[in-house]
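Notes follow once the structure below has been shown.
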Amino acid sequence: MAVIGVIMAVPALISFYVLWVISMLLRPLFILSVGLLLWNFPSTVLKFKQVVNTLAYMFFTNDKKYKKLPEVDMEDFKKHERKTIIFVRHGESCWNDTFNAGERKKVDFIKGFIPGLILAAGTEVYLGLTGRVDSWFYDSPLSEYGIDQIEILAKFLKKPGATTSEQKDLAILNGTSSTSSVLISSNLRRAISTVAIGFRSRLAQNPTQKIVIHPSLQEISRNPDTLSITPVGKQVEASWIEKSNYPHVAGVLQEQCDMKYHIGNKSMSSNGGEKLRGAKLRAGNTIITVVIRRSAVALV
C-alpha cells in the first residue's frame with residue numbers, strides 16, 4: 001500500500017516542481033521585462049498608443065462607412081486631360097503571412113497558423129522590449145516572402161521587353177523614357193518599400209528623384225496593418241527585416257521620399273469614400289489623380 005501511495009504521489013510532486021521552476025524563471029523574466037519597458041519608456045508609450053489606436057479603429061472607425069460613389073459622367077470625363085497610370089501591387093506583408101493563406105495550400109496554412117501567430121506575437125513583444133519603433137502588425141512591413149516577390153519585379157524591370165509596347169512601358173517604369181513619370185506610394189511601409197526595392201535601379205540612377213507619399217492611397221480597412229506608423233514631419237523608417245537584410249532601403253526611405261503631403265494616420269472621422277473621390281497632386285507639369293482603393297505605385 002505504501003508503494004502504491006508513493007507512485008500515486010509522483011505526478012503531484014512532478015507538477016509541483018515544474019510549477020516551482022516556472023515560477024522561479026518567470027519572476028526574473030518579469031522583472032527584466034518591466035526594466036526594459038521603463039528603460040525604453042518613449043517606445044513603450046508609443047507601443048501603448050498603437051494598441052489603443054488598433055482597438056479604436058477596429059471598433060469605431062468610419063473608414064468603411066461611405067455611400068456608393070456616383071457613376072462617372074463619360075462626356076464630362078472626355079473633356080479632361082488624360083494620363084496613364086500603372087498600378088503595382090505591394091509585396092506580401094508580415095500581416096499577410098500571418099492571416100492570409102496566399103499561395104500556400106489551405107491545409108498548410110491551417111497547420112502553420114498557430115505557430116505563425118506565436119512567432120508574430122513573440123516578434124511584437126521583442127520589438128517592444130528592445131525599444132524599437134516597429135511592429136509586426138501595426139503598419140505591417142514587407143515580410144521576407146514579400147521582399148522576394150518584389151525582387152522578381154526588380155528583375156522583370158531589367159528585361160528588354162518582347163514587343164514595342166512592352167519596351168515603351170518598361171522605359172517609362174525605369175525612368176528612361178522621354179515621357180515624364182512620377183513614383184507615388186501610399187503612406188504605408190509595405191507600399192513604400194515595394195517602390196524602394198522594386199525600382200531601386202531607377203532611384204539609384206536618379207538620386208534627386210523622390211517617391212511621392214500621399215495619404216489618399218492609404219488602404220481602406222479597420223485592421224492595424226492599414227494604420228500608418230510614420231509621424232507627421234518624419235521620414236519613413238526601415239523595418240527590422242529591411243535593416244538586417246536590405247540596408248539600401250533605409251537610405252531611399254530617408255533621402256528619396258517626398259513627405260510634404262503626409263499628414264499622418266487617417267483620422268477616425270474620415271472614410272474611404274473621401275480617398276476614392278480623389279486627390280490631385282502636382283509634380284512639375286504632371287498631375288496625378290489618386291482614385292484607388294489600394295496600391296503601391298502609380299506612374300503618370
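Cβ crowding within 10 Å, taken as a proxy for footprinting-reagent exposure, orders Trp39, Trp240, Trp136, Trp95 from fewest neighbours to most as Trp39, Trp240, Trp95, Trp136.
Legend: calculated FRET efficiency, Thr163 to Gln205, from the Cβ-Cβ distance at R0 = 22 Å, rounded to 0.05, equals 0.35. One Cα centroid belongs to the range 190-206, the other to the range 93-169; the line between them spans 16 Å. The order of the peptides 199-209, 265-275 by mean Cβ neighbours within 10 Å, most packed first, is 265-275, 199-209. Look at Glu75, Glu255, Glu237 and count the other Cβ atoms within 10 Å of each Cβ; fewest to most, that gives Glu75, Glu255, Glu237. In the neighborhood of His262, defined by Cβ-to-Cβ distances under 14 Å, what is the net charge if each Lys or Arg adds +1 and each Asp or Glu adds -1? Once all neighbours under 14 Å are counted, the net charge is +2. Give me the net charge of Ile229's neighbourhood, meaning all other residues with Cβ under 15 Å from the Cβ of Ile229; Lys, Arg count +1, Asp, Glu -1. Taking every other residue near Ile229 into account, the sum is +1. By the rule of a C-alpha distance below 17 Å, with chain neighbours fewer than 8 residues away ignored, the aspartates and glutamates paired with Lys260 are Glu237. The simple spin-label model puts a point 7 Å past each Cα toward its Cβ; for Asp148 and Ala101 those points are separated by 1.9 nm. With R₀ set to 41 Å, the beta-carbon distance separating Ile118 from Lys155 gives a calculated FRET efficiency near 0.75.
FRET efficiency for the Phe87 to Val125 pair, using the beta carbon distance and R₀ = 41 Å, is estimated at 0.70.
Quick note: the coordinates plus some simple rules give every number you see, no bench work behind them. On a predicted model such as this, the values are computed, not experimentally measured, just so you know. Don't worry about glycine lacking a Cβ; one is built from the backbone with ideal geometry, like all the others, and counts go over all protein chains shown.
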